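Here is the structure we will look at.
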Amino acid sequence: MAFELMSLPFPKDSLGPTISARTLDHHHGKHHATYVTKLNEFIAGTPLEKQDLESIIKATANKTGTERKIFNNAAQVWNHDFFWNSLAPNGGSSPPEPIKKRLDASFGSFENFRDKFVEAAVGQFGSGWAWLVAKDGKLEITTTHDADNPLITSGHALWTCDVWEHAYYLDHQQNRAGFVKAVVEQLANWQFVGKRLAEVER
């Protein structure tokens, strides 16, 4: 089956000033769209053409050659789909009480979670992703390089922030920390986190 570019789950001009419509034009309309196009090209006529996205990612992880190219594009499609769902206009601020209790239990407080998440995101050298994951009944922060994600590492993804430069450079230049902090405080979609948590712990 041919994959399609996911529509943004919010108006393109609704995430400013943290993420501008101009950034989304490039990030969603060009970068994300290109991953979808290339993935369809690479899997056309292969057995992977009939598999879902997560199955393709797991089947091609840690491979080389063409399979590595398939993995990179499939994982980046999945990562970006997940990232858009992680954002919400007028999100962020204080999480709902059930989520706040889980963050408090794992990190001491929401503020500690925010600071540790920003620290991890800034410490991710080069391109990659910062993730909030559920693992062994606790919440943890992890990072991945390039297209890698928790589907092939460890834990169940609950929330993510893209720290590739194209995610923030037009709006924040080199200030990755300021971008990530603003995403956590102003755009985090805690309803999505709650939904993911319920799915992985049922």
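Details
- Members of the stretch 1-36 that are touching a helix residue (DSSP H, G or I) at 6+ places or on another chain (Cβ under 9 Å), closer than 18 Å to His172 by Cβ and of a type in the set (Asp, Glu): Asp13
- Subset tally (residues that are open to solvent by 20 Å² or more (accessible area, probe 1.4 Å) and β-branched (Val, Ile, Thr)) for the stretch 150-202: 3
- Leading residue by the ranking (most open to solvent (accessible area, probe 1.4 Å)) among those in the stretch 79-101 that are more than 30 Å from Ser55 (Cα to Cα) and of a type in the set (D, E, K, R): Lys101
- Members of the stretch 64-78 that are within 15 Å of Thr153 (Cβ to Cβ) and open to solvent by 60 Å² or more (accessible area, probe 1.4 Å): none
- Filter pass, Gly45 being of a type outside the set (S, T, N, Q) and at positive phi: yes
- Of the residues Leu53, Leu39, the single one that is of a type in the set (A, V, I, L, M, F, W, C) and closer than 26 Å to Glu199 by Cα is Leu53.
- Condition met for His145 (within 21 Å of Arg22 (Cα to Cα) and not hydrophobic (A, V, I, L, M, F, W, C)): no
Here is a yes/no grid of residues against (1) under 30 Å from Thr60 (Cβ atoms); (2) small (Gly, Ala, Ser); (3) in contact with a helix residue (DSSP H, G or I) (Cβ under 6 Å, 6 or more places away or on another chain):
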site	(1), (2), (3)
Asn90	no, no, no
Ser93	no, yes, no
Lys101	no, no, no
Phe110	no, no, yes
Asp115	no, no, no
Ala121	yes, yes, yes
Phe125	yes, no, no
Trp131	yes, no, no
Thr142	yes, no, no
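- Filter result for the condition that a residue is over 30 Å from Ser14 (Cα atoms) and either among the aliphatic types (A, V, I, L, M) or in contact with a helix residue (DSSP H, G or I) (Cβ under 8 Å, 6 or more places away or on another chain) (or both), over Leu39, Leu48: Leu48
The values are calculated or read from the model by the stated rules, or taken from the named source; none is laboratory data. Given the structure is predicted, the values throughout are model-derived calculations rather than measurements. Quick reminder, even Gly has a Cβ in these numbers, built from the backbone with ideal geometry, and neighbours come from all protein chains shown. When the accessible area is computed, the model is the full protein with side chains, heavy atoms only, and any ligands, DNA or RNA have been set aside. Shrake-Rupley method; radii C 1.70, N 1.55, O 1.52, S 1.80 Å.
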